[in-house]
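Let me begin by presenting the structure, written as structure tokens, before commenting on it.
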Amino acid sequence: MITQGQSAVHLGALLPLSRPGWVEAGQHLLAGMELAVQEVNAAGGIGGHPLALVVRDTAADPQRAVAAVDEFAALGVAAVVGEYHSVVARAAAARADAVGLPFLCTSAVLDGLTEQPTDWVARLAPAQARGWQLYAGFLLDAGHRRIAVAAQASVYWAAGIRILREYLAPRGGTVIDLDATTLDPAALCDELVSSSATALLLLVGQPEPAVPIVQAVRRDERLAEVMIGAPAGQPEFAEWAELLGDDGVAVPFLRYLPEHFTPLGVRVEAVLRESLGAAPSFVAFEGYDGIAVLAEVLRTQGADRARIAEGWATVAVEGTRGRIRFSRVPGITVWQWAWPPIQIADRDPAWPGRFRTRDTAR
């Protein structure tokens, strides 16, 4: 039971809540976190102390994330949780490691989240290579051998292109680079026609320039047979459907959901659906699971930062999408949940509000 006057245990929360960040992702991440905090406190909190979030908007800016981590360290938070964008999470993870502040990254997938192995950082989301290799195999199975990527400059997008190329090249696939920074949608369509690619992957921000690129390709009769894909998950969010309508269907993307939720996941899905007024994205479940993990670590290890970091190795929690444990994975520098469920899904052309599962991690 939480008694009146008990001091709170604070967690720092990093989220993109303004542009150019993917705002809807940040809102879903926060909704999941807030629900979990409410439930932890309703169950007595952490040893009778309420759990509380200190929220900071990263706006997809790595420097804002670094400043927030420094602020959290000075404020005395027990740990940091969150962040959706990989380049932002990487900056936050490096700073958290440097100042000795535990960081549970919920949603960023960049394989090299830190330059060197660290005990201060753990991650719920799968490594980028795992999901993007699944996606590359999906493309090959669908008969695509010449695959164009419309990409902006980013460590995350560059890593994705490298993963695709390394997987596809030995299997007869070719990756064709199209610079989405210098090519407007019309010029990009011309380049796509010249490339003879049968698939175009959007490695760009949402809604700009993803939405105008999709609209241009869908309206170009020369590209009627070209499949559009978005491995980073842009079509998951309601804004995609609102802006694109029928143009946004049948665009396969990666999401981290199971075929069937755990009993906890079923309950959480219903509550989040009501609070969000829409189906919760996988990011909302990552937010909920992140708080569930940290609450369990705090219960067993206390609020000392070094003990929290030690707790990554032994914590085991029933999450919304399966049982969560962390381990050391070759090639991954942080404590990693190996592995969350992975799906390739798209919006159903017959019912754009419904998702179809096209493939799953084997």
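The table that follows gives values for the structure above.
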item	result
Residue in the range 311-324 that is open to solvent by less than 10 Å² (accessible area, probe 1.4 Å), assigned to a helix (DSSP H, G or I) and either touching a strand residue (DSSP E or B) at 6+ places or on another chain (Cβ under 9 Å) or without any contact (Cβ under 8 Å) to a residue 60 or more places away in the chain (or both) present	yes
Failed item, numbered, when ALA197 is tested on (1) over 25 Å from GLY26 (Cα atoms); (2) among the small types (Gly, Ala, Ser); (3) crowded, with 20+ Cβ neighbours inside 10 Å; (4) in contact (Cβ under 8 Å) with a residue 60 or more places away in the chain	(4)
Selection within the range 334-355 - out of contact with any strand residue (DSSP E or B) (no Cβ under 8 Å at 6 or more places or on another chain) and either among the aromatic types (Phe, Trp, Tyr) or in contact (Cβ under 8 Å) with a residue 60 or more places away in the chain (or both)	TRP339, PRO340, PRO349, TRP351, PRO352
The lone exception for LEU110 - which of (1) in contact (Cβ under 8 Å) with a residue 40 or more places away in the chain; (2) surrounded by fewer than 20 Cβ atoms within 10 Å (Cβ to Cβ) it fails	(2)
Test for VAL217: is it touching a Cys at 6+ places or on another chain (Cβ under 7 Å) and at pLDDT 95 or above	yes
Within the range 85-107, tally of residues that are open to solvent by 10 Å² or more (accessible area, probe 1.4 Å) and free of Cβ contacts under 8 Å to residues at least 60 places away in the same chain	6
Residue check, VAL297 out of contact with any strand residue (DSSP E or B) (no Cβ under 7 Å at 6 or more places or on another chain), surrounded by 15 or more Cβ atoms within 10 Å (Cβ to Cβ) and modelled with pLDDT of 95 or more	yes
Selected residue (criterion: nearest to ALA186 (Cα to Cα)) from residues of the range 219-230 that are surrounded by fewer than 16 Cβ atoms within 10 Å (Cβ to Cβ) and charged (D, E, K, R)	ARG219
Which listed residue, of GLY205, GLY160, is of a type outside the set (A, V, I, L, M), in contact (Cβ under 8 Å) with a residue 60 or more places away in the chain and within 19 Å of ASP247 (Cβ to Cβ)	GLY205
Unmet requirement for ALA60, which otherwise passes all of (1) on the phi > 0 side of the Ramachandran plot; (2) out of contact with any helix residue (DSSP H, G or I) (no Cβ under 7 Å at 6 or more places or on another chain)	(2)
Sole residue being open to solvent by less than 20 Å² (accessible area, probe 1.4 Å), modelled with pLDDT of 95 or more, more than 30 Å from VAL211 (Cβ to Cβ) and of a type in the set (Gly, Ala, Ser), chosen from GLY82, GLY12, GLY26	GLY12
Conditions (1) under 20 Å from the mean Cα position of the chain (by Cα); (2) assigned to a loop (DSSP other than H, G, I, E, B); (3) closer than 21 Å to ARG328 by Cβ; number of the one not met by THR118	(1)
Test: residue in the range 57-64 that is part of a helix (DSSP H, G or I), farther than 18 Å from ALA309 by Cβ and acidic (Asp, Glu)	no
Candidates LEU140, LEU134, filtered to the one that is more than 21 Å from SER86 (Cβ to Cβ) and either touching a helix residue (DSSP H, G or I) at 6+ places or on another chain (Cβ under 8 Å) or surrounded by 15 or more Cβ atoms within 10 Å (Cβ to Cβ) (or both)	LEU140
Residues (open to solvent by 30 Å² or more (accessible area, probe 1.4 Å), under 24 Å from GLY112 (Cα atoms) and not hydrophobic (A, V, I, L, M, F, W, C)) located in the range 34-79	ARG56, ASP57, ASP61, PRO62, GLN63, ARG64, ASP70
Test: PRO231 is at pLDDT 95 or above and either within 30 Å of PRO341 (Cβ to Cβ) or not in a helix (DSSP H, G or I) (or both)	yes
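Table: residues versus (1) at pLDDT below 95; (2) buried (at least 23 other Cβ atoms within 10 Å of the Cβ).
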site	(1), (2)
ALA250	no, no
TYR256	no, yes
PHE261	no, no
ARG267	no, no
GLU274	no, no
ALA279	yes, no
ASP289	no, yes
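The values are calculated or read from the model by the stated rules, or taken from the named source; none is laboratory data. None of the values given here were measured: they were computed from a predicted structure. Glycine gets a Cβ as well: all are built from the backbone with ideal geometry, and neighbour counts include every protein chain shown. Surface areas here come from the heavy atoms of the whole protein model, side chains and all, with no ligands, DNA or RNA. Shrake-Rupley method; radii C 1.70, N 1.55, O 1.52, S 1.80 Å.
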